[in-house]
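Written below as structure tokens is the structure these notes are about.
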Amino acid sequence: MITKEIEKAGIPVAHITPMTMVSKQIGANRVVTGTKIPHPCGDPNLPPDNDRSVRREIVKCALRTLQTEVGGSTVFVPDISFTSG
């Protein structure tokens, strides 16, 4: 997985994915829980303002993970209170 290779070079990586278990099994260090497989960083079924809020919170969570020391595969969950079906 490319995240592991980038981390080997000393660059922290935040992997945003709705499939956190797969990412953990592969060994990504910083895994950020996304919303859905076709749209991991948002929800286009939401009204535009709500979708923007979801996307912003996911990106903010990913940026915080880049500043966090981890000792192995760690899952970070953004504070998202709403998504559509």
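Taken over region 36-69, the criterion of being part of a helix (DSSP H, G or I), surrounded by 14 or more Cβ atoms within 10 Å (Cβ to Cβ) and under 11 Å from the mean Cα position of the chain (by Cα) is satisfied by R55, E57, I58, V59, C61, A62, R64, T65. Cβ-Cβ distances below 6 Å connect the following pairs, each with a first residue in region 28-49 that is in contact (Cβ under 8 Å) with a residue 12 or more places away in the chain and farther than 16 Å from T65 by Cβ, a second residue that is small (G, A, S) and part of a loop (DSSP other than H, G, I, E, B), and a separation of six or more residues or different chains: D43/S84; N45/S84; L46/S84. For region 6-24, taking the residues that are of a type outside the set (A, V, I, L, M, F, W, C) and either in a loop (DSSP other than H, G, I, E, B) or touching a residue at least 24 places away in the same chain (Cβ under 8 Å) (or both), the one that is surrounded by the most Cβ atoms within 10 Å (Cβ to Cβ) is identified as S23.
In region 74-84, the condition of being open to solvent by 90 Å² or more (accessible area, probe 1.4 Å), in contact with a strand residue (DSSP E or B) (Cβ under 7 Å, 6 or more places away or on another chain) and not in a strand (DSSP E or B) is met by at least one residue.
The values are calculated or read from the model by the stated rules, or taken from the named source; none is laboratory data. No experiment lies behind these values; they were computed from the predicted model shown. Note that each Cβ is placed from the backbone with ideal geometry, even for glycine, and that neighbours are counted across all protein chains shown. Accessible surface areas use protein heavy atoms only, side chains included; no ligands, DNA or RNA. Shrake-Rupley method; radii C 1.70, N 1.55, O 1.52, S 1.80 Å.
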